[in-house]
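*Asks:* Got a structure here, written out as structure tokens. Questions coming.
Laboratory data are not the source of any read-out in this text; all were calculated from the coordinates shown. In this text, all values refer to a predicted model and were calculated from it rather than measured experimentally. A quick note on method: Cβ atoms are made from the backbone with ideal geometry, for glycine too, and the neighbour counts reach across all protein chains shown.
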Amino acid sequence: MACPGYPTDDTFFVESDETSQRMTMRDAAKMLARNKQEMIANELSRLACDEYLEDIMQHMRHMEDETLPDANFIDMQREIQWFMRPYLIDFLIEAHSAFSLLPETLFLTVNLMDRYCSKRVVYKQHYQLVGCAALLIAAKYGDKKDRVPQINELNNMCCGLYDAGMFTQMEMHVLNTLDWNIGHPTVDFFTQLVVAEERDSREVEHMAAYICEIALYHRDFVSTKPSVMARASLALARAILGKPEVNDGEWEHSDNVTLLTLSQHLHQPSVSLARKYSSQYYSRVSSTLADFLAQQAAIARRGAPPSPPSEPTLSNKAADVYSTPHKGLGAVPGVADGYMTPPITPDGTCFGQNNAMIKSYQAPPRCPVTPTPQSNHAQSYPQSHLPQQQQHMAAGPTYFGGTTSHMSY
């Protein structure tokens, strides 16, 4: 029954064309005003950057020295070994891609993880948990709130290995260990500066990023400064793509050493990483690098010296170590073949056959590292004779570095 005084047709709740046009014009005016404000803000930022660029760079170089992990202290870890690192980096790269985080978040994650491992004793069953906590901290530091991974999502990617309380506890433990000093000028920051100054192409930028992420897998670059890594990776990317060299007058001996070492680690990239950079979004630089290395190998077989210098290709058996096993859950969008198997290394013969060929360096003799204070009869010399950094690593009890943890399996 129609009420008197009200229209009886179906157009009562339908906006007229005039109202729709007025709302559209209002939205357009807001968008124009927003764009104008953004242009003004960008111009002010550019002017301020030009004025304070020298001070900014001085502060960043000081920060990269202060937040650089020491690989020698990680060598003293009793349980985690360097051949476990590729498994964990594979997992972090897959998680980083699945949540569409910023590029610098990945490098900050690895930096936080390495800094923690150079200060605390880490059990191998907690190694992946440290990486997840570092990823959470790095995402909260630089990414938008809606992109930050949820603990239950990370736990699913870890195949339910941990519970929510363990993630939170490890996150706080990492922050307290690092004195809440999270900021770190990543290699992506310095790369963007050089690319903007030298006006490199997107392909050069993507190739340099690919090379920098390959470097994350290897011990040789844990203690390399991000600024040095950025210059060396860009120089190597230009050489691979046949671009002209850039001489900015800042090239040093450390850059030459880093470039040469990088060129020796390009032959066996991770399968997960190569798949990531095989997309059109990243200019398919993984395929370009593979073609370049094949050409260099063909030149070497004809007797000409390869360029850049390369090491002999590893056997397929050794290359399999860098391919993280998968479990076919297929539940993460953007992650091919499902979640990554946790990089937990069980005791036994699983990795015993590959240890000799994987370790390409001579680790220094390990000093006794104890996660908790020892009793009087437990050690034959006073703890004051330990190096200062090792005493810090041996300090306890800690939840994840000592025997008092309820998470020790």
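*Asks:* Taking 0.36 nm per intervening residue step and subtracting the Cα-Cα distance, what contour gain separates TRP180 from GLU153 on full extension?
*Replies:* Between TRP180 and GLU153, full extension yields 7.3 nm more.
*Asks:* Oh, and also: If you find the alpha carbon centre of region 65-118 and of region 146-182, how far apart are they in angstrom?
*Replies:* 14 Å
*Asks:* With a Förster radius of 25 Å, plug the Cβ-Cβ distance of GLU245 and ARG301 into 1/(1 + (r/R0)^6) and report the FRET value to the nearest 0.05.
*Replies:* Numbers: r = 27 Å, r/R0 = 1.08.
The formula returns an efficiency of 0.40 here.
*Asks:* Once Lys and Arg get +1 and Asp and Glu get -1 on their Cβ, which of MET229, ALA138, GLN150 lies farthest toward the positive end of the dipole of region 118-255?
*Replies:* GLN150
*Asks:* Considering only the other residues whose Cβ falls under 13 Å of the Cβ of TYR281, what net charge follows from Lys and Arg at +1 and Asp and Glu at -1?
*Replies:* +2
*Asks:* Right, something else. Could you give the nm distance between label points at ARG284 and ALA41, where each point is 7 Å from its Cα heading toward the beta carbon?
*Replies:* Here the modelled spin labels are 3.8 nm apart.
*Asks:* Under 12 Å from the Cβ of SER201, count the other residues' Cβ atoms, weight Lys and Arg +1, Asp and Glu -1, and hand me the total. Spell out each step's value before the answer.
*Replies:* Working: positive: ARG199, ARG202, ARG238, LYS243; negative: GLU198, ASP200, GLU203, GLU205.
Neighbour charge sum, excluding SER201 itself: 0.
*Asks:* GLU51 to LYS145: extension gain in nm, 0.36 nm per residue of separation minus the Cα-Cα distance?
*Replies:* In short, 30.7 nm is gained.
*Asks:* Would you kindly state how much longer the chain becomes between ALA33 and GLU66 on full extension, computed as 0.36 nm times their sequence separation minus their alpha carbon distance, in nm to one decimal?
*Replies:* Answer, rounded to one decimal: 7.6 nm.
*Asks:* Additional query: Let me check I've understood the local charge: for PHE292, count other residues with C-beta under 14 angstrom from its C-beta, Lys and Arg +1, Asp and Glu -1. What total comes out?
*Replies:* For residues surrounding PHE292, the net value is +1.
*Asks:* What's the magnitude of the charge dipole for region 53-121 around its Cα centre, counting Lys and Arg as +1 and Asp and Glu as -1 at the beta-carbon? Answer in Debye, nearest 20.
*Replies:* Working: 6 positive and 12 negative charges, 71 e Å.
Dipole of region 53-121, to the nearest 20 debye: 340 debye.
*Asks:* Where nothing but the Cβ of Lys and Arg (+1) and of Asp and Glu (-1) is charged, how large is the charge dipole of region 64-183 around its Cα centre, in debye to the nearest 20?
*Replies:* That gives a dipole near 260 debye.
*Asks:* Of LYS124/LYS243; LYS36/LYS144; LYS144/LYS225; LYS30/LYS144; LYS140/LYS276; LYS119/LYS144, which sit over 32 Å apart, Cα to Cα?
*Replies:* LYS124/LYS243
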